[in-house]
Amino acid sequence: MWLAVVSQPCDRGACIAQPGTLDKSLGEFWVDNPWDIVTKGFNLSAYERKRTWMNVRGSNFIDISFLTGADNDGDGRCVVAADFSNNGRQDLIVRQAGGGPLKLYENNFPQRHYLKVSLRGTKSNRQGIGARLIAEVKGQKLVRELFPLNSFRSEMPNLVHFGLADADKVDTLTIRWPSGKVQVLSNLKADRHIVVDEDKEATEAIETVVPGTTIAP
């Protein structure tokens, strides 16, 4: 097992001097420019293949890496799940380090119902970050928290995605805002992206996002 410390400058022509003495017995090495790692005969990824796991009704996971084609051996440093096709199915984009290509993996699983929710805070922060959303669907509770996850030079979209399977509506959506306000919305039609305003009540609080149009942030 070896440890590598990387400094990755924005200038791809930059050279960074070795900061100290290397211990070759531990497999330590130094490359002046991290984009030259592969050409110097090194590879930080060690060609580990990516893994994609499918959740099975909340009880288990199945390794579907080979089936998805996402098991490439590039030096991937981040992954973002987002609905790039605007069809309610979460796609994956993977960023490679050292100037490698971005990989976009389209979600071609069978179409199911969904609801995407963005927040517009007033007393809370404008994007509602930190809010907890609880969707009740056919007697089941789906709990999400609005914290856009970060990985290496990437960030998830600032919204909450509910997969609804065969349900065509959310019976009740409870939003616990960072301000302490609790907002309850009922009978929300599925298969759309909505924006919920903290300062309004009932149906007046909901605005549907229409692809190709703009709305107030």
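The values are calculated or read from the model by the stated rules, or taken from the named source; none is laboratory data. Computed from a prediction, not measured in an experiment: that's the story for all the values here. Here Cβ is always computed from backbone atoms with ideal geometry, including for glycine, and neighbour counts include all displayed protein chains. Surface areas here come from the heavy atoms of the whole protein model, side chains and all, with no ligands, DNA or RNA. Shrake-Rupley method; radii C 1.70, N 1.55, O 1.52, S 1.80 Å.
Among the residues of region 52-64 satisfying the criterion of being within 18 Å of the chain's Cα centre (by Cα) and surrounded by fewer than 17 Cβ atoms within 10 Å (Cβ to Cβ), which is nearest to Pro34 (Cα to Cα)? Break it down stepwise before answering.
Let us first name the residues in region 52-64 that are within 18 Å of the chain's Cα centre (by Cα), namely 52-55.
This time we only want the ones that are surrounded by fewer than 17 Cβ atoms within 10 Å (Cβ to Cβ), so: 53-55.
Numbers: Trp53: 30, Met54: 34, Asn55: 36 Å.
Out of the qualifying residues, it is Trp53.
Considering every residue within region 155-164, establish whether at least one is exposed (fewer than 13 other Cβ atoms within 10 Å of the Cβ), within 20 Å of the chain's Cα centre (by Cα) and in contact (Cβ under 8 Å) with a residue 40 or more places away in the chain.
Of the residues in region 155-164, the ones exposed (fewer than 13 other Cβ atoms within 10 Å of the Cβ) are 155.
Applying the additional criterion that residues be within 20 Å of the chain's Cα centre (by Cα) yields 155.
Add one more test, that the residue is in contact (Cβ under 8 Å) with a residue 40 or more places away in the chain, and what stays is 155.
Within region 155-164, one or more residues are exposed (fewer than 13 other Cβ atoms within 10 Å of the Cβ), within 20 Å of the chain's Cα centre (by Cα) and in contact (Cβ under 8 Å) with a residue 40 or more places away in the chain.
Hey, could you check region 164-203 for residues that are of a type in the set (Lys, Arg) and outside any strand (DSSP E or B) and say which is nearest to Pro217 (Cα to Cα)? Taking the candidates together, the pick is Lys200. Among the strands (runs of 3 or more DSSP E) confined to region 69-154, the ones with at least 1 residues that are more than 30 Å from Lys181 (Cβ to Cβ) are located at 76-82, 91-96, 102-105. Looking across region 12-56, the residues that are within 30 Å of Ala81 (Cβ to Cβ), modelled with pLDDT of 80 or more and either among the charged types (D, E, K, R) or in contact with a His (Cβ under 8 Å, 6 or more places away or on another chain) (or both) come down to Lys50, Arg51.
Tell me, yes or no, whether region 185-203 has at least one residue that is open to solvent by 90 Å² or more (accessible area, probe 1.4 Å) and within 30 Å of Arg57 (Cα to Cα). Within region 185-203 (the criterion being open to solvent by 90 Å² or more (accessible area, probe 1.4 Å) and within 30 Å of Arg57 (Cα to Cα)), the answer is yes, since at least one residue qualifies. Within region 54-68, the set of residues being in contact (Cβ under 8 Å) with a residue 12 or more places away in the chain and assigned to a strand (DSSP E or B) comprises just one member, Asp63.
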